[in-house]
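For reference, the structure is listed below as structure tokens.
Nothing in this text is a laboratory measurement; each read-out follows from the coordinates by a stated rule. Note that the coordinates shown come from a computational prediction; the quantities given were computed from them, not determined experimentally. With ideal geometry, Cβ positions are generated from the backbone for all residues, glycine too; neighbour counts draw on all protein chains shown.
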Amino acid sequence: MLARSSFIIILFFFFNYKSVAQTFEGALLFGANLSQIDGDLLAGFNQPGINAGARVTINLSERWKGSMGLQFAQAGSSFSKGDPANALYDKIRLNTVEVPLLMHFIEWRFRVNAGLTYSRLINYSAKDVIGGDLTDDTFLRDNILSLALGLTYLFNEKWGIDFIWNKSLTNVQAEEGANTFITRNLSFRLIYIL
């Protein structure tokens, strides 16, 4: 009985493989973030970081796709020339795991991307302008929801470049009465479609 059931399941997957392969698409992404935090008195996208992960895309129609990803991303902010002398922070580094849920509109080799990203803060560090550690005195939220907008250009069927702009919709700062922290990221990644 078990052998017969297994044979039927294998047969089902064999005959439906072509349709499933055309419905779902996997991709690997690797690149960098440039980021900043509104509210920490530091300006500019001066904090570089890694952005890498995987994405599964489902074909909804000829011109529309939906996707869900899982990726590691580094964000934060960094002091630069021209920032106010009274800024408390020199550098803030956020390490997150992100789950982006995106819709993709397809036109020729371009994909216009829009959706939401849930980020879970793994850990973070903060330093002041003289190099002191402010991590224990900085309280940030573990869960961040962001708006994501972007564009993908495919060089061919396998390779492309992916650009995403992210802005948090929730305050990253967890301390009562402290400045509101809103993260903004620019992600530039190579995409390899499996």
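For the stretch 156-161, backbone phi angles converted through the Karplus equation (6.51, -1.76, 1.60; θ = phi - 60°) give residue-by-residue couplings of 7, 6, 10, 10, x, 10 Hz, Gly and Pro being listed as x. In this simple spin-label model, placing a label point 7 Å from the Cα along the Cα-to-Cβ direction at both Ala178 and Phe105 gives a separation of 3.9 nm. Where does the charge balance sit around Phe163 when Lys and Arg score +1, Asp and Glu -1, over other residues with C-beta under 11 Å from its C-beta? Local charge sum for Phe163: +1. How far, in nm, would the chain grow between Ala54 and Leu70 when pulled straight, counting 0.36 nm per residue and subtracting the alpha carbon separation? Length gained between Ala54 and Leu70: 5.2 nm. Rounded to the nearest 10 degrees, the angle from helix 2-23 to the longest Cα principal axis of the chain is 60 degrees.
Give, as a single signed number, the net charge of other residues whose beta carbon lies under 15 Å from the beta carbon of Ile58, with Lys and Arg counted +1 and Asp and Glu -1. Result for the neighbourhood of Ile58: +2. Connecting C-alpha atoms closer than 10 Å in a GNM of the chain, tell me which of Phe139, Phe45, Phe30 has the biggest fluctuation. For the chain, modelled as a Gaussian network with Cα springs under 10 Å, the answer is Phe139. For the chain, the average shadow cast by the Cα convex hull is 14.7 nm², which is a quarter of the hull's surface. In this structure, the residue pairs whose Cα-Cα separation is over 29 Å, taken from Lys91/Lys167; Lys65/Lys167; Lys65/Lys91, are Lys65/Lys91.
If R0 equals 25 Å, the separation of the Cβ atoms of Asn86 and Phe30 corresponds to a calculated FRET efficiency of about 0.05.
Within the shell of other residues whose beta carbon sits under 11 angstrom from the beta carbon of Thr117, the net charge comes to +1, with Lys and Arg scored +1 and Asp and Glu -1. Taken as Cα centroids, the stretch 89-114 and the stretch 163-194 sit 9 Å apart, rounded to the nearest whole angstrom. GNM remark for the chain: springs join alpha carbons under 10 Å apart, and the peak mean-square fluctuation among Leu60, Leu145, Leu70 falls on Leu60.
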